[in-house]
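The values are calculated or read from the model by the stated rules, or taken from the named source; none is laboratory data. All figures in this text were calculated on a predicted structure; none of them were measured in a lab. Cβ sites come from the backbone with ideal geometry, for glycine too, and all protein chains shown count toward neighbours.
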Amino acid sequence: AQFIQTILSSDHRRVDPKDVKILLVHRHKEILTMLPLYYSQKCAAELQKLGVTLLLEREIKKVGDGYVVDHHQKKIEAGTIFWAVGFTPNTVSLDGKRISV
């Protein structure tokens, strides 16, 4: 979002920042759930100030060419998709038993 506001608006005038829409789709009620709620809310507010639209409590179920589909079967058109997901380690102990994290 900062790139759109600064670089594109000054150096690459072929792209109008008003034509760029950034959506952040997140499966939880808050972003950055590993942080205390205060920081999560502060980061969400800063993103919104930058023009990022937060689509919370949505889970992406399908990614296609130029779109994603959420768990409500709502299709969201997208020219560029950045997928950044968390992970759970698949840990096996020395005795071969799986360890839940």
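On the stretch given as segment 67-95, residues that are exposed (fewer than 12 other Cβ atoms within 10 Å of the Cβ), at pLDDT below 90 and assigned to a loop (DSSP other than H, G, I, E, B) total 14.
With respect to the conditions (1) modelled with pLDDT of 90 or more; (2) outside any loop (DSSP other than H, G, I, E, B); (3) aliphatic (A, V, I, L, M); (4) surrounded by 12 or more Cβ atoms within 10 Å (Cβ to Cβ), Ile31 falls short on a single one, namely (2). Please verify whether Gln48 is part of a helix (DSSP H, G or I) and modelled with pLDDT of 90 or more, treating the condition exactly as stated. The answer is yes for Gln48.
Checked against the criteria, Ile60 counts as within 13 Å of the chain's Cα centre (by Cα), hydrophobic (A, V, I, L, M, F, W, C) and surrounded by 12 or more Cβ atoms within 10 Å (Cβ to Cβ).
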